[in-house]
1. Can you pull out the residues in segment B:119-151 that are closer than 13 Å to B:L51 by Cβ, modelled with pLDDT of 95 or more and of a type in the set (S, T, N, Q)?
2. Please report, ordered by residue number, the strands (runs of 3 or more DSSP E) entirely within segment A:77-195 with at least 2 residues that are exposed (fewer than 15 other Cβ atoms within 10 Å of the Cβ).
3. Since A:L36 meets every condition but one in (1) assigned to a strand (DSSP E or B); (2) in contact with a Cys (Cβ under 9 Å, 6 or more places away or on another chain), which condition does it not meet?
4. Which residues, counting only those in segment B:196-210, are assigned to a helix (DSSP H, G or I) and either within 12 Å of DNA strand C (Cβ to nearest atom) or surrounded by fewer than 15 Cβ atoms within 10 Å (Cβ to Cβ) (or both)?
5. Out of all the residues in segment A:224-248, which are in a strand (DSSP E or B), of a type in the set (A, V, I, L, M, F, W, C) and more than 11 Å from DNA strand D (Cβ to nearest atom)?
6. Being open to solvent by 90 Å² or more (accessible area, probe 1.4 Å) and over 15 Å from B:A195 (Cβ atoms) is the filter here, so list the residues in segment B:211-240 that pass it.
7. Is it the case, given these coordinates, that B:H159 is under 22 Å from B:F80 (Cβ atoms) and either within 16 Å of DNA strand D (Cβ to nearest atom) or touching a Pro at 6+ places or on another chain (Cβ under 8 Å) (or both)?
8. Looking at A:L36, A:L51, A:L24, A:L19 in this structure, which one is within 14 Å of chain B (Cβ to nearest Cβ), touching a helix residue (DSSP H, G or I) at 6+ places or on another chain (Cβ under 6 Å) and open to solvent by less than 20 Å² (accessible area, probe 1.4 Å)?
2 protein chains.
Amino acid sequence: MHPENDLQAFIREGYLHFLPHVSLDCVVFGFHDNQLKVLLVKWKKLGGWSLPGGRIKRTEHMDDAAQRTLEERTGIREIFLQQFHTFGRTDRTQNAPLGDVADLFGEPIGPDNWLADRTVSVGYYALVEFSKVNPTPDFFSEACRWWDLHELPPLLFDHNQMVTQALHALRAQLHYQPIGYTLLPETFTMPELQALYETILDRPLDRRNFQKRMLGLGYLQRLDERRTIGAHKSPYLYRFDRFQYEKALQEGLGFGQYVPMTSFAG
Amino acid sequence: MHPENDLQAFIREGYLHFLPHVSLDCVVFGFHDNQLKVLLVKWKKLGGWSLPGGRIKRTEHMDDAAQRTLEERTGIREIFLQQFHTFGRTDRTQNAPLGDVADLFGEPIGPDNWLADRTVSVGYYALVEFSKVNPTPDFFSEACRWWDLHELPPLLFDHNQMVTQALHALRAQLHYQPIGYTLLPETFTMPELQALYETILDRPLDRRNFQKRMLGLGYLQRLDERRTIGAHKSPYLYRFDRFQYEKALQEGLGFGQYVPMTSFAG
DNA sequence: TCAAAAGTGTTGGTCCTACACCCATGC
DNA sequence: GCATGGGTGTAGGACCAACACTTTTGA
């Protein structure tokens, strides 16, 4: 995005090409080892972790800026992205006084630098297939990696709050949209899908009710294969059937209208 | 907010006190004559109607800016406000080329003016009691008045889309929160409440099921009075019981968890 | 006395919840 | 063969949807 020689220009006069006072931050969810993961970056100078974020080019749609940012951090295109809240408190960055950093990447920066100025940030959450992600730091960060959702460190800015709200938004959406599939590989077993739901909702679900519900929605396609797992019975593989899903949507069935799906309590 | 002599200063150098590139717009809903109303302002120079909106002071929380803006347009304090979406397309203002207006309020303005610059706008919707509102134009507008939701004119910028999305957000919230009461006077009858729900959801509901549902939630207090209406049986008056509502919330009952309330279809 | 609106209860269907047994597999 | 996990069906309860008659009131 900013080749080395462009970095200092970006810090010094990036506001010519990017909108100042507005940024976006992404809560990227992945699912691995039966845990929800969140992608974080570690800042070079500030030394703390934050969500991957970015700025909006002056000629670029905001949603495209979010896609671009995430493509840079993950290597994935066409990411499932949902805007969930915009954060506009005056004190949201007091956690990490960028303006007090005398020297950012060899470039002097002060409280008057456009990057240190007050910024309203638009929060997106993203659902990605864990194994497809290739975490990549940007110029401001020395590291980029997955963290377990329940073991996040204290984050810079108001990013801990962002994660919390993103999780709430994700849970709410889960009841109305078949978003779980974007977190899984193309084929998956019913127990895997259930584990994902249990992790997101953070409570156990009943196997039988869960399966009835999922199959009842009518757009899970059972394949003829089974997955061989250790010393146990092999579960069937399923695939999300996008065609049947569109069809179900049009018939007003499935999600969209009703479908509370608050509980397959177990 | 901007006394006459301050107006030109605001246009010329308002960016010193307000954040450029960010604005907020409010979809203010009222309920009157069994119709949902939306508050609009008419621009002096552009000549078209838009949502009431505003800018964020550099020292002000964004949510406070929304409250302040609406207080200026309605005279009401402590308005029920919900942020619902942030609009960031590059073409969202091409509808109304502010920068092409050679002269705005006696002050020359060009494409380089901060007000004409690209702006991301945070959308809020507000629910107010119709009769308490005193519509008040600001310096940019020559009129401020209610419009019937179903008879809105083509609006400036992307504001028609904002209204549509606000309405969707309102409908979704209606299923989970007792927001109807903020649109009604303190006391109201069951048929009035039902009319409000029918208007928001845009479909008829069954009286008996509706009443059962509303009373079942447990925080509607029936008063000993009835309202005398024309040549018909007098309906009871009700009041929203905030205390019982809080209690119901804590017990996990009522809204919050389940309560789909998608249909009392009639 | 009539028209228009409000108050009220019951029944059937659907969906959610709870729960138990058999099957497959590798050690 | 046994431990572990996967596959499946049924019965009870809660909630939603459908529906009809009586009461009140002013014209």
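The values are calculated or read from the model by the stated rules, or taken from the named source; none is laboratory data. Keep in mind that what you see is a predicted model, and the values were worked out from it rather than measured. Ideal geometry is used to build each Cβ from the backbone, glycine not excepted, and the neighbour counts take in all protein chains shown. These area figures cover heavy atoms from the full protein model, side chains too; ligands, DNA and RNA do not enter into them. Shrake-Rupley method; radii C 1.70, N 1.55, O 1.52, S 1.80 Å.
1. Across segment B:119-151, the qualifying residue is only B:S121.
2. It comes to A:141-148.
3. With (1) assigned to a strand (DSSP E or B); (2) in contact with a Cys (Cβ under 9 Å, 6 or more places away or on another chain) applied to A:L36, the lone miss is (2).
4. Within segment B:196-210, B:E198, B:R207, B:R208, B:N209, B:F210 qualify.
5. A:F240
6. The answer is B:K212, B:R222, B:D224, B:E225, B:R226, B:T228, B:A231, B:K233.
7. no
8. A:L24
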